[in-house]
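Below is one structure; the comments refer to it alone.
The values are calculated or read from the model by the stated rules, or taken from the named source; none is laboratory data. Just so it is clear, the model here is predicted, and its values are computed rather than measured. Here the Cβ positions follow ideal geometry from the backbone for every residue, glycine too, while neighbour counts run over all protein chains shown.
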Amino acid sequence: MIFFSFGPSGCPCRDKDGDGICSDQDNCPSVDNPGQEDCDADGAGDLCDPEGDIDIDDDGTCENLGECSLLVPDQFSSIQAAIDAAQEGDRICVLPGTYRERIDFHGKKISLVGIGGPEATVIDARQSGSVVTFSPGEGPDTLLEGFTITGGFSIFEGSGIWIKDASPTLRNLIVKYNRIDEESTFAYGGAGIYMENSSSLLEDLVIEDNGQDPPYDCYYEPLAIPGGGMYIANASVHLRNVTIAENFAGSGCADFETDANPNGANGGGIFMRNSTATFEDVIFEGNRAGDGATGIIESGWGGSGGGLYLSYSNAIFQNVDFVGNRSGRGGSVLGDGNHTSSGSSAGHGGAIYVDHSTLQMENVRFLGNRSARGGDGGHGYTTATFGGWAGNGGAIAVGGGTSSLSITNGILAGNWTGDGGNAGFVGMTCQDEVSVEDGQRGGKGGNGGAIFATGGEITLTNVTFHGNRCGKGGKGGTVQPSAGHVANGGAGGNGGSGAAIYSTAAVTLHLLNVTFSNNTAGAGGPPGEVNQECGGTGSPGTPGNEGEGGALRVANTTAEIRYTNAWMNEPQNYVGLDDPTGTEGNISVDPEFVDISGTDPLSWDLHLSETSPLIDA
């Protein structure tokens, strides 16, 4: 159809697009644009000038789109359609909006950019699979930038971003609310991002609230997945200015009928195996490993490494914070008649678990991390079971003789280990002529309020340990013997030792210019009682032993300690070695920090005050 309008002289003129403007005066004669928008004032209307400038947010300011090759949704209705049409080296620009689709780069060397930034530009898979896939072939010149990646769902791995045999660059992204199927029977992990055989750069990312929700039931024997935020395998990656927060590994499953998989998974924030990584200006906050299952007749261990789990890997950390991460809780036995299963142990390493790996850390802080509580033992009519042990290493747990940990310029403050689980109750009904066994022991409180090591080498230089503590022992089992019978209460569990550092099993320890202050070992657990309501008698159990070594509790350890200060650690500074105070520059004085009031380690100012005796000491 041919339209006619009237020009400035009042004469009729041809109007090809019918927008009321003569074609010879229309800055976009083939597209209806009565407003004649031309943000960059180059004479070509915005709707006919996809490579030009566009006022995306209607604020009167042009956004520079001069480098865009393809534009979504102006030229292509979907992101995937633009990817399919793109040639090598193209730059696809995506305007703000929510795009409900999944995308695959198909190995192309292209850039995909959300030009309004991640808060305004969202790719939502709506639980239909992985949101973004990098198939074999993409290199560092393939770029994903400026999006929120959400709504991913997978029965395997990589619900948010899946990378295998590829090394794309990821920049300025928010990866959140992606899930692995809670009933998955085969999964590697990485609900947020899965990376295998990759050497990617991740820069300016937020990886938040990704993981595997607890299973509904155990009928299909689901597996708990590791690496809620990321799973990194056989890779060499660099993370710069990345926040990894509130991610969670899968929890175990146990019920009365099924021999399921009760143990929680490792690595709430990141799980690494056979990999190398550099972490630069990174925050791990509020991540958690999977909890062990609580069941009627069995329970599961908690997962380790709330923030990060490393297995046969090497990592460098520069300017990194670990705040409020925790390991998985040990599962409890609920109690239904007599049982053979005890409460299970919690996972180790509230922030980090190190398995046959090497860590080099500089300018790092560990604040308010914790290993979890042990599970409670099962109750029974004539017998009951032990409480589970708490996790070790409130901040860091180092396992394996080939592991090593080096920290230069670090703060470990307000970290703690969990309490031991309580033993079960014996004698649930009053039955004549039925004897009951003595109560069982409560679980042990966790060792190593800040650091726990069972092998390897630890080197600490210019490091402060303040306000770390160990958990208390669990309560011994209470008994209720029937008339004419005798049963004794169970012993309380021992409190955790080594509130700052606990080391054993051939650890080599090097300390230079380290401060230990106000760290506290755990209290012994209370004894089990004797309930005489059914007419039986007996004696209460014994309390658990108090923990030892507010600063250090070592065994089978070679220790070199120089220019180190230990002050007000409870119940004593050093156990397992001769007190080094007075030799090699080691002292015991109040460090006089600027502000250690309150209970929140984030509010403490651990700089030295002007009057501190440690200045130039």
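On the basis of being modelled with pLDDT under 95 and farther than 23 Å from Gly536 by Cβ, does Thr408 make the cut?
Working: modelled with pLDDT under 95: no; farther than 23 Å from Gly536 by Cβ: yes.
Against the criterion (modelled with pLDDT under 95 and farther than 23 Å from Gly536 by Cβ), Thr408 does not qualify.
Applying the condition of being of a type outside the set (A, V, I, L, M), modelled with pLDDT under 95 and part of a strand (DSSP E or B) to segment 549-578 and asking which residue is nearest to Arg469 (Cα to Cα) yields Thr557.
So is Leu112 crowded, with 17+ Cβ neighbours inside 10 Å and either over 21 Å from Ser200 (Cβ atoms) or among the polar types (S, T, N, Q) (or both) or not? It is false that Leu112 is crowded, with 17+ Cβ neighbours inside 10 Å and either over 21 Å from Ser200 (Cβ atoms) or among the polar types (S, T, N, Q) (or both).
Of all the criteria given as (1) crowded, with 24+ Cβ neighbours inside 10 Å; (2) free of Cβ contacts under 8 Å to residues at least 60 places away in the same chain; (3) of a type in the set (A, V, I, L, M, F, W, C), the one not satisfied by Ile225 is (2).
Within segment 481-506, the set of residues being in contact with a strand residue (DSSP E or B) (Cβ under 9 Å, 6 or more places away or on another chain) and surrounded by 24 or more Cβ atoms within 10 Å (Cβ to Cβ) comprises Pro481, Ala487, Gly489, Gly490, Gly496, Ser497, Gly498, Ala499, Ala500, Ile501, Tyr502, Ser503. Scoring Asn64 on the criteria (1) under 38 Å from the mean Cα position of the chain (by Cα); (2) of a type outside the set (A, V, I, L, M); (3) at pLDDT 95 or above leaves a single failure, condition (3).
Restricting attention to segment 581-598, the residues that are in a loop (DSSP other than H, G, I, E, B), surrounded by fewer than 20 Cβ atoms within 10 Å (Cβ to Cβ) and either without any contact (Cβ under 8 Å) to a residue 24 or more places away in the chain or not polar (S, T, N, Q) (or both) total 12. With respect to the stated conditions, Ser251 fails to be buried (at least 18 other Cβ atoms within 10 Å of the Cβ), under 20 Å from Glu145 (Cα atoms) and touching a residue at least 60 places away in the same chain (Cβ under 8 Å). Taken as a whole, the condition of being surrounded by 24 or more Cβ atoms within 10 Å (Cβ to Cβ) and in contact (Cβ under 8 Å) with a residue 40 or more places away in the chain does not apply to Leu334.
The criterion of being surrounded by 16 or more Cβ atoms within 10 Å (Cβ to Cβ), not in a loop (DSSP other than H, G, I, E, B) and not aromatic (Phe, Trp, Tyr) holds for Leu606.
What do you reckon, is Asn519 closer than 30 Å to Leu405 by Cα and either of a type in the set (Phe, Trp, Tyr) or in contact with a His (Cβ under 9 Å, 6 or more places away or on another chain) (or both)? Against the criterion (closer than 30 Å to Leu405 by Cα and either of a type in the set (Phe, Trp, Tyr) or in contact with a His (Cβ under 9 Å, 6 or more places away or on another chain) (or both)), Asn519 qualifies.
Of the residues making up segment 198-250, those that are at pLDDT below 95 and under 10 Å from the mean Cα position of the chain (by Cα) number 0. May I ask you to list pairs of residues, at least six apart or on different chains, whose Cβ atoms are under 8 Å apart, with the first in segment 67-83 being over 18 Å from Ala125 (Cβ atoms) and the second being basic (Lys, Arg)? The qualifying pairs are Glu67/Arg91; Cys68/Arg91; Ser69/Arg91; Leu70/Arg91.
Residues in segment 85-116 that are farther than 18 Å from Gly152 by Cα, in contact with a helix residue (DSSP H, G or I) (Cβ under 9 Å, 6 or more places away or on another chain) and of a type in the set (Lys, Arg): 1 in all. Every condition in (1) part of a loop (DSSP other than H, G, I, E, B); (2) out of contact with any Lys or Arg (no Cβ under 8 Å at 6 or more places or on another chain); (3) farther than 23 Å from Pro601 by Cβ holds for Gly292 except the one numbered (2). Just name the residue that is surrounded by the most Cβ atoms within 10 Å (Cβ to Cβ) out of those in segment 510-545 that are more than 27 Å from the chain's Cα centre (by Cα) and among the aliphatic types (A, V, I, L, M). Among them, the one singled out is Val514.
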